[in-house]
Structure formats: C-alpha cells, structure tokens
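Engineer: One structure is given below, represented as structure tokens, and several questions about it will come after.
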Amino acid sequence: MLSKRVQTLSESITIAISSLAKEMKANGEDVISLSAGEPDFDTPKAIKDAAIEAMRKGCGKYTPIPGTNEVLKAIAIKLKRDNNLEYKPSQIITNVGAKHSLFNIIQCLIDEGDEVLIPAPYWVSYPEMTKYASGIPVILNTDESNGFKITAKQLKKAITTKTKLLMLNSPSNPCGTVYTKEDLLELAEVLKGTNIFIASDEIYEKVNYSGNFCATASVSKDMFKRTITINGLSKCGAMPGWRFGYMASANDELNKAVRKLQSQSTSNISSITQAGAIPALLGEVDDEIENMLKSYRERRDYLFKELNNIKGLKTLNPDGAFYLFINCKEIEEDSMKFCKRMLEEIKVATVPGVAFGLEGYFRVSFATDLESIKIATQRLQKFINNY
Ligand SMILES: Cc1ncc(COP(=O)(O)O)c(C=O)c1O
C-alpha cells in the first residue's frame, strides 16, 4: 500500500528514545532524559512579546512563501552582522525548522543515483533525507583522534562524477565538532573547479565555547557560490517548537526551485513565528543567549571531567553544541544494547552511537539542568561498575 519512497525511511532513533523517556516519566518512573536535542530554557520574553504583538495586530493572513519582507531583511542583517555574509533578502527562504530547509534542498538538488557525501558521525536525518530523494548517501567515517573532522585528503578520495552535495554540520551533532576557517579553506581547495554544493548546517552556531565557529560560505568567493547556509532558532533562540529555520543561497535557480516546492507543500511558515523571530535575529536577546551558553559550558565542563573519571569511558571536550559523544568500546561495542540497558536499569535515557553511524559510542545531551546531570552521572557510575 505504501509508496516505495516512504518505505526507504527509518524512524529517527533520537526522537523514538526521547519519546519513550517522556512516556516512562509520565507513567511515574524516575527517568532522567539526556537524550533530547532541545534547550531546557524557555523562549526569551522579547520573542514571545513580538509574537503576541503581531497576533494582536492581526498577523493571521498568509505571508509570501519565503517569508515577510521584515523577517527576510532581519535574516540578511543577522548574516552580515554575525557571519560577514552578504545575502540579499531575495536569496533567503524561511522554512519550518532547519530540518525542513535541509529536506527542501535535498529534494531540489538530488536525482536518482546522485551521491551525497556525509561525514560520520552524522545527524540522523541526513542519510534518510538523501535516500528519500533516491540519492546515495556516501558515508565518510571520521576519527576521534582528529576531533571527528573529515580531512581534505579524505574528501578528495570520495569525490566521483556522481557527487552532487557535501553535508557539513558545524558545530556538529553529535560530536560538537567545529570546523575552523583553516579547516574549511582546506576543504575549499579540494572542491575548487567542481560543481559540488555544500549544505552547511549551522544550527548550533551560537553554542560555541571556543569562539572558533566560522560560516562555511564566508571563507572564499568560491565557497560562497557553492554553499547553502542553513540556520534557525530552535537551538540558539530556545524556540524549537516554534519551527523557525532558514536557508540562504547565492544560487537563484535553487532558491526559485525551493520556493516552488514550498508553494506546493507547506506554503509560508507560521506568520506568528516569523514575527517572534525578528528580535532574536536583530540581536535583541543576545544577553539571554549568552547566559544559556554559560550554563551549557558549566554542564559540559562538569560532564567532561566526571565521565572521563569513569573507568572505561572516554570523551573529547566539545567546542560546540550541547552534546558529549562518549566512547564506551572498552565496556560495550553494541551501543543500542548499552543504551537500552541503561534506560531499563538506571532510568537514564541517552542515544546510541549507531543512530549517528558509529558503534561503540553513545550521546549525552546536556540541555538539561545541572542537578539532574549530577544524579544521572552518579547512576551511570554505578551502572558501569556493575556492567
Ligand atoms: C544538526 C541538526 N540540524 C538540524 C536540526 C533541526 O533543527 P530544527 O528544529 O530547526 O528543524 C537539528 C535538530 O536536532 C540538528 O541537530
């Protein structure tokens, strides 16, 4: 009955685990969820006020497909101010979260048999979206010893005549890897003279502890042309449920195609969300974002120290995002088995590395209060002692 296309899709393991943890909690079980990829902070007041004000003024009509002039201008200002990127408002499209931006881009660029280069560990949706577009995910395995970054040499080796798109995610989920300007320039050198696009997923941009984030499109003129910049406010604006993402590209043919696809699927994103996003894009909640970052840093430093003290666990200190990707190979290679037992025996929800394309690891999210993180760490210590 179902289309072959939809049958190629797997369910998101991360969403499945966080839903199970929520269900167990609702049933009265003492579950601590370190699985969710959403900030534990409430959306800043200025964002809510702007949305309420827009509703009062009667913003309930359809907006243009890519977004209102005001929101597109605010995104252009943000991209110039924060990332030194000169996009015209007409080169920007708002989408129902960055996930939707990525989905649209892949649908518009990828034909049957086209290859999409995906560094692993990867965000769970990249290979699935590629398969849904009949493309071929080509996984580039990275190494912990290299901070989970792909190298120029590796990229060069992976390119074929079928390569259409490279997915880059910096800061990354699940490893917190940040590609510096130098890293990006090395990759840029390999891509010179090719027709390969880059989808640069920068959704964790402001959750950056070392200040080393660099927008992919900003490193050279050539990279500006081939890169589609993807960002949003789910993580950095603490508004995941509002569904605000956007893409910006210098390629007007692609922009036109995405607008067409969106006109036949979702139309514009919520007009209320667009209005709420404007203060965040204009930097009016930067102090609150800075405070969130302080909390994330404190939790990251705590976990980094405590987890590395548990015999058999090993983790890098991430430069960005709010996850630790922990090596548990000495204890268990089968990450699904490990995380399942952890949830059943000590009621701590984490995500197995296999969901991100790498066995022998698990992901812990620290977008949860420090108190819960401390209790979860104590439970984990006991769990490992008894494993
Ligand atoms: C790397 C990455 N990209 C994109 C998204 C999707 O974000 P949004 O909520 O804007 O759709 C997520 C969410 O978890 C993510 O981790």
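Engineer: Taking the chain as a Gaussian network, Cα atoms linked when under 10 Å apart, which of THR63, THR161, THR43 shows the biggest mean-square fluctuation?
Structural biologist: Taking springs between Cα atoms under 10 Å, the residue moving most is THR161.
Engineer: Now a separate question. Read phi for every residue in the range 146-155 and hand back ³J(HN,Hα) as whole Hz from Karplus 6.51 cos²θ - 1.76 cosθ + 1.60, θ = phi - 60°, with x for Gly and Pro.
Structural biologist: 10, x, 6, 10, 7, 9, 4, 4, 5, 4
Engineer: Go ahead and set up a Gaussian network model of the chain, Cα springs under 10 Å, then flag whichever of LYS164, LYS153, LYS73 fluctuates most.
Structural biologist: In the Gaussian network model the winner is LYS153.
Engineer: Where does the range 81-198 land on Rg/Rh, using Cα atoms and the Kirkwood Rh?
Structural biologist: A ratio of 0.95.
Engineer: So what are the three principal axis dimensions of the chain from its Cα atoms, in whole Å, longest to shortest?
Structural biologist: 58, 54, 50
Engineer: Taking the square root of 5 times each eigenvalue of the Cα gyration tensor, what semi-axes in Å does the equivalent ellipsoid of the range 216-340 have, largest first?
Structural biologist: Semi-axis lengths for the range 216-340 are 36, 20, 17 Å.
Engineer: Sticking with this structure for a sec: If you take every DSSP beta bridge fully contained in the chain, what fraction is antiparallel? Give it as a percent rounded to 5.
Structural biologist: Given both bridge residues lie in the chain, the antiparallel proportion sits at roughly 50 percent.
Engineer: So what's the back-of-envelope 222 nm ellipticity for the chain, counting only DSSP H runs of four-plus at -39500 (n - 2.57) apiece and dividing by all residues, rounded to 500?
Structural biologist: It comes out at -13000 deg cm²/dmol, rounded to the nearest 500.
Engineer: Given springs between every Cα pair under 10 Å in a Gaussian network model of the chain, which of LYS206, LYS80, LYS157 has the largest fluctuation?
Structural biologist: The residue with the greatest mean-square fluctuation here is LYS157.
Engineer: If you take the beta carbon distance between GLU306 and ALA152 as r and set R0 to 51 Å, what does 1/(1 + (r/R0)^6) give as a FRET efficiency, to the nearest 0.05?
Structural biologist: My answer for the efficiency is 0.90.
Engineer: While we're looking at this one, here's another question. Just report the Cα centroid separation between the range 283-327 and the range 50-114, whole Å.
Structural biologist: The range 283-327 and the range 50-114 have Cα centres separated by 29 Å.
Engineer: Run the numbers for GLU359 and LYS294: contour at 0.36 nm per residue of separation, minus the present Cα-Cα distance, in nm.
Structural biologist: Extra length available between GLU359 and LYS294 comes to 20.3 nm.
Engineer: Would you calculate the separation in nanometres between label points at SER10 and LYS374, each defined as 7 Å from the Cα along the Cα-to-beta-carbon direction?
Structural biologist: Once both label points are built, they end up 3.8 nm from each other.
Engineer: Which far-off residues, 5 or more places away or on another chain, put their amide H under 5 Å from the one on PHE366, with H placed in the peptide plane?
Structural biologist: It is TYR323, LEU324, by chain and number.
Engineer: For the range 19-34, in order, what is each residue's ³J(HN,Hα) by Karplus, 6.51 cos²θ - 1.76 cosθ + 1.60 with θ = phi - 60°, in whole Hz (x at glycine and Pro)?
Structural biologist: 5, 4, 4, 5, 5, 4, 4, 4, 7, x, 7, 7, 8, 10, 9, 10
Engineer: Test of understanding: what is the full-extension gain from SER267 to SER134, defined as 0.36 nm times their sequence separation minus their Cα-Cα distance?
Structural biologist: Computed gain between SER267 and SER134 is 45.5 nm.
Engineer: Using 0.36 nm per residue of separation minus the Cα-Cα distance, give me the extension gain between ALA257 and ASP49 in nm, one decimal.
Structural biologist: Taking ALA257 through ASP49 to full extension adds about 71.5 nm, to one decimal.
Engineer: Enumerate the residues in the range 121-149 having an amide nitrogen under 13 Å from the point lying 7 Å beyond the Cα of SER210 toward its Cβ.
Structural biologist: Only 145-149 fall inside the zone, counting backbone N under 13 Å.
Engineer: Let me ask something additional. Residues with beta-carbon under 13 Å from that of LEU254, excluding LEU254: net charge, scoring Lys, Arg +1 and Asp, Glu -1?
Structural biologist: The answer is +4.
Engineer: If amide hydrogens are placed 1.01 Å from N in the peptide plane, which non-local residues have theirs closer than 5 Å to the one on PHE197?
Structural biologist: LEU165, LEU166
Engineer: Here's a follow-up. Restricting the count to DSSP beta bridges whose residues both fall in the range 178-281, what percent are antiparallel, rounded to a multiple of 5?
Structural biologist: Counting only bridges with both partners in the range 178-281, antiparallel ones make up about 55 percent.
Engineer: Net charge within 14 Å of THR130 by Cβ-Cβ distance, Lys/Arg positive one each and Asp/Glu negative one each, not counting THR130 itself?
Structural biologist: So the environment of THR130 carries a net charge of -1.
Engineer: Now for a different question. Work out the P(r) tail for the range 268-369: percent of alpha carbon pairs separated by more than 20 Å, whole number.
Structural biologist: 51 percent
Engineer: Convert each backbone phi in the range 99-111 into a coupling constant with the Karplus relation 6.51 cos²θ - 1.76 cosθ + 1.60 (shift: θ = phi - 60°), then list the ³J(HN,Hα) values in order as whole Hz, x for Gly and Pro.
Structural biologist: Here the 3J(HN,Hα) series is 4, 5, 4, 5, 4, 4, 4, 5, 4, 7, 9, 9, 10 Hz.
Each reported figure results from applying straightforward, stated rules to the coordinates on display, with no laboratory input. Since we're looking at a predicted model, the values are computed, not measured. Note: ideal-geometry Cβ built from the backbone for every residue, glycine included; neighbour counts use all protein chains shown.
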